[in-house]
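Remarks on the structure that follows.
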Amino acid sequence: MTTIGFIGLGNMGIGMASNLAKAGYEVRALDISKDAVTRAVEAGCVAAKNAQDAVKNADVVVTMLPAGRHVELVYEGDDGVFAHASESTLCIDCSTIDVATARKVISKAHSIGLEMIDAPVSGGVGGAAAGTLTFMCGGTSGAFEQAKPFLDIMGKNVFHAGDAGNGQVAKIANNMLLGIHMIGTCEAFNLAEKLGLDAQTFYDISSTASGQNWSMTSYCPAPGPVPSAPSNKEYKPGFAAAMMLKDLRLSQQAAKAAEASTPLGAMSESLYSKMEEMERDDLDFSAVMKLIKGTL
Ligand code: NAD
């Protein structure tokens, strides 16, 4: 039987691991939170006592962790994945982390003869539970092809973005653009309203004109025009402003290292930092509308 070690069973990991278990794999679940492991067992996984238990003789290891330092610790620590994996184990890190750490950990995997890819996701907790995530993968073509059948179970769209770390590059560049056009959309609605144009009228015009974009038509930050948007549910997330800020910080860290000019990315980071300072970053990221209007 194909065996999968799954490490990191938080908001995202639990849905992903449970979909792998439902597909008939033996999923050995490991988390530092006992409650998270209990939830995974209830969802059809087997509890792993430690990294050795999760990883030994596993065909695949999947990780879904908060940040680069957790990924480094889980893979490279004395009692980590690399210490216990066999040569045929494929490692898939689905966490959103900084590009440099992703490349460093994958390079370490290669140096000990293991295949590994970075495979961050978009689609949120709902997508993880429903198995409809988008995966953006970096690594060799061989490792990508080996990982794809497993990613197809957890997701709907699976892309190979190129070499190691390129999945993270795709993810942070996309989310930087998302942050920028969300803020731009908020500014446009606010300006229109201040000058006497109601949100619905501006939406009807701009959504069929050149200002049209995803933040406007799928996720409108002004209440009214898009009924399913968080703006109609008191900006309950959705995709929390704190998560957007995490991705913007990663984008700015990477932009600095690559000497890429991203002035609007930097401005977006600073606006979402204000939501953090005001302790309102638990709201959906479209609540930056309230910051722009001065009502946060
Ligand atoms: P989370 O905090 O809910 O889950 C992370 C889990 O990792 C926790 O259960 C934690 O106990 C566990 N963990 C931490 N250190 C560990 C260790 N050393 N060993 C074992 N387990 C450990 O986070 P999440 O919302 O599930 O997000 C996970 C990743 O997915 C993050 O990188 C995030 O940026 C990314 N992501 C999240 C979303 C979202 O909507 N939540 C969307 C896309 C991407």
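Taking only segment 47-76 into account, find how many residues are in contact (Cβ under 8 Å) with a residue 40 or more places away in the chain and in contact with a Gly (Cβ under 8 Å, 6 or more places away or on another chain). Going through segment 47-76 one residue at a time, the tally reaches 14. Residue count for segment 105-131 under the criterion of being open to solvent by 10 Å² or more (accessible area, probe 1.4 Å), under 25 Å from Asp78 (Cα atoms) and out of contact with any Ser or Thr (no Cβ under 8 Å at 6 or more places or on another chain): the result is 6. The residues in segment 135-164 that are within 16 Å of the ligand (Cβ to nearest atom) and either polar (S, T, N, Q) or more than 25 Å from Ser18 (Cβ to Cβ) (or both) can be counted, and the count is 3. Scan segment 103-125 for residues that are closer than 15 Å to Val62 by Cβ and within 13 Å of the ligand (Cβ to nearest atom) and the total you get is 4.
Taking the criterion of being assigned to a loop (DSSP other than H, G, I, E, B), of a type outside the set (S, T, N, Q) and touching a residue at least 24 places away in the same chain (Cβ under 8 Å), the residues of segment 212-231 that qualify are Tyr219, Cys220, Pro221, Ala222, Pro223, Gly224, Pro225, Ala229. May I ask you to verify whether Ala128 is closer than 14 Å to Ile14 by Cβ, within 12 Å of the ligand (Cβ to nearest atom) and of a type outside the set (D, E, K, R)? Yes. When segment 171-208 is filtered for residues that are in a helix (DSSP H, G or I), hydroxyl-bearing (Ser, Thr, Tyr) and open to solvent by less than 30 Å² (accessible area, probe 1.4 Å), the ones remaining, listed by number, are Thr185, Ser206.
Could you tell me which residue of segment 24-33 is most open to solvent (accessible area, probe 1.4 Å), considering only residues that are near the ligand (Cβ under 9 Å from one of its atoms) and in a loop (DSSP other than H, G, I, E, B)?
Applying the first criterion (near the ligand (Cβ under 9 Å from one of its atoms)) to segment 24-33 yields 30-33.
Those left that are additionally in a loop (DSSP other than H, G, I, E, B): 31-33.
Working: Asp31: 43, Ile32: 178, Ser33: 43 Å².
So, considering only residues that are near the ligand (Cβ under 9 Å from one of its atoms) and in a loop (DSSP other than H, G, I, E, B), the one most open to solvent (accessible area, probe 1.4 Å) is Ile32.
Would you confirm, using the coordinates I've provided, whether Gly167 is within 15 Å of the ligand (Cβ to nearest atom) and touching a Cys at 6+ places or on another chain (Cβ under 8 Å)? Taking the combined requirement at face value, the residue satisfies it. When Asp93, Asp79 are checked against the criterion of being touching a residue at least 24 places away in the same chain (Cβ under 8 Å) and either crowded, with 19+ Cβ neighbours inside 10 Å or more than 15 Å from the ligand (Cβ to nearest atom) (or both), Asp93 stands alone in meeting it. The one condition from (1) aliphatic (A, V, I, L, M); (2) open to solvent by 10 Å² or more (accessible area, probe 1.4 Å); (3) part of a helix (DSSP H, G or I); (4) farther than 16 Å from Ile153 by Cβ that Ala21 does not meet is (4).
So is Ala188 of a type in the set (Gly, Ala, Ser) and over 17 Å from the mean Cα position of the chain (by Cα) or not? Against the criterion (of a type in the set (Gly, Ala, Ser) and over 17 Å from the mean Cα position of the chain (by Cα)), Ala188 qualifies. When segment 132-166 is filtered for residues that are open to solvent by 10 Å² or more (accessible area, probe 1.4 Å) and part of a loop (DSSP other than H, G, I, E, B), the ones remaining, listed by number, are Thr132, Thr140, Ala161, Gly162, Asp163, Ala164.
Name every residue in segment 34-74 that is open to solvent by less than 40 Å² (accessible area, probe 1.4 Å) and in a strand (DSSP E or B), in order of residue number.
Within segment 34-74, Val60, Val61, Val62, Thr63 meet the criteria.
Identify the residue in segment 1-18 that is assigned to a loop (DSSP other than H, G, I, E, B) and surrounded by fewer than 19 Cβ atoms within 10 Å (Cβ to Cβ) and, among all such residues, is farthest from the ligand (Cβ to nearest atom).
That would be Met1.
Quick one: what pairs do we get from segment 24-46, first residue under 14 Å from Gly13 (Cβ atoms) and of a type in the set (S, T, N, Q), second open to solvent by less than 60 Å² (accessible area, probe 1.4 Å) and more than 9 Å from the ligand (Cβ to nearest atom), C-beta under 9 Å, 6+ apart or different chains? If the second residue must be open to solvent by less than 60 Å² (accessible area, probe 1.4 Å) and more than 9 Å from the ligand (Cβ to nearest atom), the pairs left are Thr38/Ala47. Candidates Ser270, Ser251: the one that is surrounded by 19 or more Cβ atoms within 10 Å (Cβ to Cβ) and polar (S, T, N, Q) is Ser251.
The values are calculated or read from the model by the stated rules, or taken from the named source; none is laboratory data. Bear in mind the structure is a predicted one, so any value in this text is a computation, not a measurement. Please note: Cβ atoms are built from the backbone with ideal geometry, for glycine as well, and neighbour counts cover all protein chains shown. Only protein heavy atoms, including side chains, enter the accessible area calculation; ligands, DNA and RNA are left aside. Shrake-Rupley method; radii C 1.70, N 1.55, O 1.52, S 1.80 Å.
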